[in-house]
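Here is the structure we will look at, set down as structure tokens.
The values are calculated or read from the model by the stated rules, or taken from the named source; none is laboratory data. On a predicted model such as this, the values are computed, not experimentally measured, just so you know. Virtual Cβ from ideal backbone geometry, glycine too; neighbours counted across all protein chains shown.
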Amino acid sequence: MECYTRGRNMVEENTINLLEVVEKQKNNDLIIFTTFTFDPIFFDGYILRKLKKNNPKALIIILIDAKMYSKLGDNFTRETGVEYALIPIAGNLFHSKIFLFASKSKKQVFLGSHNLTLTGFTQNLELSFDSEDDLLTDDCINYVGNLLKKNLTAKNPWLTKIEPYMSKIDNDILITNETEPILEQCINQILKQVSSIKEIIIFSPYFSKVDELIKKLKLLNPEEVKICIQRKNHNLEIDFLDSIEENSLYELNPTHNSRRLHSKFIVFRNTKKDFILIGSPNFTSPALLKTSQHGNFESALLIEKDFDDFVSGYFKISPISKEEIENSKRKFFDNNELGFNPDTLINFAYFDDFDRLTIEYTSKIKKLVSVIFSSSSTNETITSKDIDLEEGNHFIPFSSLSRNIDEVKFSLDGKGISNICRICSPKGMKIRMGFELEDSMSVQKTLSEVVDFEDIANFCHAVFSTPDEKTSINDSKSSSKVTPSPGKKFSKQTSSNLFDLLNQLFRLSITKTPKGSDNEKIRSKTNSKQREIDDNIARLIERLIIKFEREVIPRSNILKRYSAYLVIGLKILKKLENSKLKGITTVHIISGLNRMIAGDQFFSDLEQKEKLEILLLLLELAKEVELNLGNPYKFDEEGILSGLQHTICQFLTNEKPFVSLIQNLETSEKYGFNIEISKDHTDILKNIFQEILLRMSVHERFEIPKKIIHDLDKNEHFELISSGYDTVKIFLEKDSEVRNKINNEIQFLENKQNIEFVKRIIFEFN
């Protein structure tokens, strides 16, 4: 790790230009900025364009102080918070400054004093720490991830994107004040390495409660404490310096230019080594003496670096009098004057892949409010019906809103009671797709977390991802101009997109037949309606099958494509209430699988592990058929049997083939289902086993039970005999040819008990 100061026209060796840093960043998947102030015009007009050009797949997230966010409105561009996530952090002053770039192969962080502004990049003299160290970058990602978890709901898709990068271990490299004040942590770290400090040198543009801070620093028993300022760039009050000697006051200036110093650092000098605290904290009580619950949100780093090397060639330090300090102060704005402290904060708002809007908010009140949508490009304003705000962190879904809408706020009695929030809607980015289709583990994890209708639709949409899947909300042929309401879709005509397809499916499935009616006309009408519903659901399921068959199965990049199909099918079934309908739907799903496998010449290339997953999910589906229709599903189609034959036959060489197969199935991925192998499953598996066996030659079929009975003949252990009995039954139950051969084979057995055992089996099926 190396420490860098930055800016133009300075000593080259340890100088960086953050503009050039941004330009050089390429092929990142995740880009994060944390900042107190933010310059939308600068970022959108220059930084964003560079990032998008060189990092086309990157998810860009900016965390900003909530009060500063509320002041940005006049500077918003069309891209502000739309092409990237701009998220306000509520509570006290959010002052952390971290720039992080990450991909699967590399991570890099810049931690220091720099805000995401034009002055922070080009005018101020900032201090930044550049590192590719995994321990530090992991800490930074965890810090940001935990902040987002506190400010966003668990369903937020951006969290899904960040979580794979988060570490389960805190390395304690990054110093934050989430649970413990920064100065206290800093002192403790130093005392673990040295017993005392000779000299402490402080530089900061902002000061408060200096006496309290100096008192805390004296726990290190320093011989001297030096306070450094830059003329016309500090707010150091003389009244707070009564305990400070005149000769302890210094001014610090860059040697190569007259830039304003926005850097913050504290140097701890020892005869053996020097420590430097760098980052976002100024020399103030909220930054250094308090946790984020009562003070600022800050991030810092304690590094070992020789102070002479640190300042040599960069700064000159010279004594200054108290009078000169008093006469060189400048007025800074008071953070308390920002005046933004709403009872309700909109944390984030975004469009998903179905043009549905989700608003995430934190509220201190429970109120009936209006939602005001507006468009900065068309000056259009829409007021929704009133909605109920709940206390705490919540989200509200909306449908049938124009993508032209880019701002939202809450209103009560015509007055705004929340911040104005930009609506994130990145073009071409599958924000809901928190997984990579080519990553087997990622798809597996995502499928396991699919719970409700929305999740199912989102997963399918991400996988299909075809141009005809989207319909414009402004298309006069498919939608009507109505006032939006949470969670409702207002399209008058049936859309062809997947969301509507599934929406129809679930809407139809919950229609209930009136009970206890004596009116024959009513019953007849109801039954007719139910038949119509059943027919419609069958057609919709068929359309879903066709989409998988045509658009997913041929795509080899989707590593779990068959498992995905079956999981989605099972998840849909869990939403259906009508038992007959569930049974019929299940038959459709299994038949669809047959058709897909039969037409897939590459099915045999699937790994054994995935084929066992498919088999387990198939057993669960077949159980649903019998449960809801009363009859077992007959596995006599070509597709499934041919596709799984090799997988099942591989277990035939085992001592206990059927038992071994079941054991492997029990360890297969269950994708969030509570599947425990029961007698229902084993009976279905036995039927599949038998159907596959009948496809083999008589010789092949005979050799396996022959081996089993001869092995049993040599073994008197009951456990082996019992399992052997169950296994041999599978071979003989439907196979008269093999029974005849086994009957002839009895003469070669020696164990009388075993002879009786085999005769019993044969007799059972004759």
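Restricting attention to the range 98-125, report how many residues are closer than 19 Å to PRO40 by Cβ, over 23 Å from the mean Cα position of the chain (by Cα) and either in a loop (DSSP other than H, G, I, E, B) or not aliphatic (A, V, I, L, M) (or both).
Number satisfying all stated conditions: 9.
Just the residues that are surrounded by fewer than 19 Cβ atoms within 10 Å (Cβ to Cβ) and without any contact (Cβ under 8 Å) to a residue 40 or more places away in the chain, please, taken from the range 556-587.
LYS574 - this is the single residue of the range 556-587 that is surrounded by fewer than 19 Cβ atoms within 10 Å (Cβ to Cβ) and without any contact (Cβ under 8 Å) to a residue 40 or more places away in the chain.
Given the structure, is ILE266 aliphatic (A, V, I, L, M), part of a strand (DSSP E or B), closer than 15 Å to LEU288 by Cα and under 41 Å from the mean Cα position of the chain (by Cα)?
For ILE266, the condition - aliphatic (A, V, I, L, M), part of a strand (DSSP E or B), closer than 15 Å to LEU288 by Cα and under 41 Å from the mean Cα position of the chain (by Cα) - is met.
Out of all the residues in the range 650-668, which are of a type outside the set (Asp, Glu) and not in a helix (DSSP H, G or I)?
ASN654, LYS656, THR667, SER668
Just to confirm my filter: which helices (runs of 4 or more DSSP H) fall fully inside the range 669-766 and include at least 3 residues that are assigned by TED's automatic domain parsing to the domain that holds PHE658, modelled with pLDDT of 75 or more and surrounded by 15 or more Cβ atoms within 10 Å (Cβ to Cβ)?
Where helices (runs of 4 or more DSSP H) fall fully within the range 669-766 and carry at least 3 residues being assigned by TED's automatic domain parsing to the domain that holds PHE658, modelled with pLDDT of 75 or more and surrounded by 15 or more Cβ atoms within 10 Å (Cβ to Cβ), they are 679-693.
I'd like the full set of residues that are surrounded by fewer than 22 Cβ atoms within 10 Å (Cβ to Cβ) and in a loop (DSSP other than H, G, I, E, B), limited to the range 59-92.
Within the range 59-92, LYS71, LEU72, PHE76, THR77, ARG78, GLU79, GLU83, ALA90, GLY91, ASN92 qualify.
So which residues in the range 138-157 are crowded, with 18+ Cβ neighbours inside 10 Å and in contact with a Leu (Cβ under 7 Å, 6 or more places away or on another chain), if there are any at all?
Listed by number, the residues that qualify are ASP139, CYS140, ILE141, TYR143, VAL144, LEU147, LEU148, LEU152.
Of the numbered conditions (1) surrounded by 12 or more Cβ atoms within 10 Å (Cβ to Cβ); (2) modelled with pLDDT under 75; (3) of a type in the set (Gly, Ala, Ser), SER328 fails exactly one; give the number of that condition.
Single failed check for SER328: (2).
Can you list the helices (runs of 4 or more DSSP H) found entirely within the range 131-246 that contain at least 1 residues being within 22 Å of ASP306 (Cα to Cα)?
134-151, 182-191, 210-217
If you go through the range 555-579, how many residues are more than 20 Å from SER442 (Cβ to Cβ) and modelled with pLDDT under 80?
Residues flagged as more than 20 Å from SER442 (Cβ to Cβ) and modelled with pLDDT under 80 within the range 555-579 amount to 7.
Return the residue satisfying two criteria in turn: it lies in the range 227-279 and is closer than 23 Å to GLY120 by Cβ and among the basic types (Lys, Arg), and of such residues it is modelled with the lowest pLDDT.
By that ranking, first place goes to ARG259.
What are the residues in the range 283-312 that are out of contact with any strand residue (DSSP E or B) (no Cβ under 7 Å at 6 or more places or on another chain), part of a loop (DSSP other than H, G, I, E, B) and surrounded by 24 or more Cβ atoms within 10 Å (Cβ to Cβ), if any?
Of everything in the range 283-312, just one residue is out of contact with any strand residue (DSSP E or B) (no Cβ under 7 Å at 6 or more places or on another chain), part of a loop (DSSP other than H, G, I, E, B) and surrounded by 24 or more Cβ atoms within 10 Å (Cβ to Cβ), namely ASN296.
Given the residues GLU613, GLU666, which is the only one that is acidic (Asp, Glu), touching a helix residue (DSSP H, G or I) at 6+ places or on another chain (Cβ under 9 Å) and surrounded by fewer than 19 Cβ atoms within 10 Å (Cβ to Cβ)?
The conditions single out GLU666.
Could you grab me the full set of residues in the range 588-605 that are crowded, with 20+ Cβ neighbours inside 10 Å and of a type in the set (A, V, I, L, M)?
ILE589, ILE590, LEU593, MET596, ILE597
Quick one: ILE182 ticks every box in (1) under 23 Å from SER442 (Cβ atoms); (2) touching a Leu at 6+ places or on another chain (Cβ under 6 Å); (3) among the aliphatic types (A, V, I, L, M) bar one, so which box is it?
Failing condition for ILE182: (1).
Taking the range 370-400, which residues are over 19 Å from LEU345 (Cβ atoms) and hydroxyl-bearing (Ser, Thr, Tyr)?
Listed by number, the residues that qualify are SER375, SER376, SER377, THR378, THR381, THR383, SER399, SER400.
Could you please let me know if LYS547 is surrounded by fewer than 17 Cβ atoms within 10 Å (Cβ to Cβ) and touching a residue at least 24 places away in the same chain (Cβ under 8 Å)?
Judged against the criteria, LYS547 is not a match.
Take the residues in the range 382-427 that are of a type in the set (A, V, I, L, M, F, W, C) and in a loop (DSSP other than H, G, I, E, B); name whichever of them is nearest to ALA154 (Cα to Cα).
LEU389
Does GLU613 satisfy the criteria of being in a helix (DSSP H, G or I), in contact (Cβ under 8 Å) with a residue 60 or more places away in the chain and closer than 30 Å to GLU700 by Cα?
no
Any idea which residue in the range 546-598 is nearest to LEU615 (Cα to Cα), counting only those that are charged (D, E, K, R) and touching a Ser or Thr at 6+ places or on another chain (Cβ under 7 Å)?
LYS560
Kindly evaluate SER103 against the criterion of being surrounded by fewer than 23 Cβ atoms within 10 Å (Cβ to Cβ), in contact with a strand residue (DSSP E or B) (Cβ under 9 Å, 6 or more places away or on another chain), assigned by TED's automatic domain parsing to the domain that holds LYS71 and of a type in the set (Gly, Ala, Ser).
Yes: the conditions hold for SER103.
List the pairs whose first member sits in the range 75-92 and is under 17 Å from SER374 (Cβ atoms) and modelled with pLDDT of 90 or more, whose second member is hydroxyl-bearing (Ser, Thr, Tyr) and crowded, with 24+ Cβ neighbours inside 10 Å, and whose Cβ atoms are under 8 Å apart, counting only residues at least 6 apart or on separate chains?
Here the result reads LEU86/TYR69, each pair linking the range 75-92 to a residue that is hydroxyl-bearing (Ser, Thr, Tyr) and crowded, with 24+ Cβ neighbours inside 10 Å.
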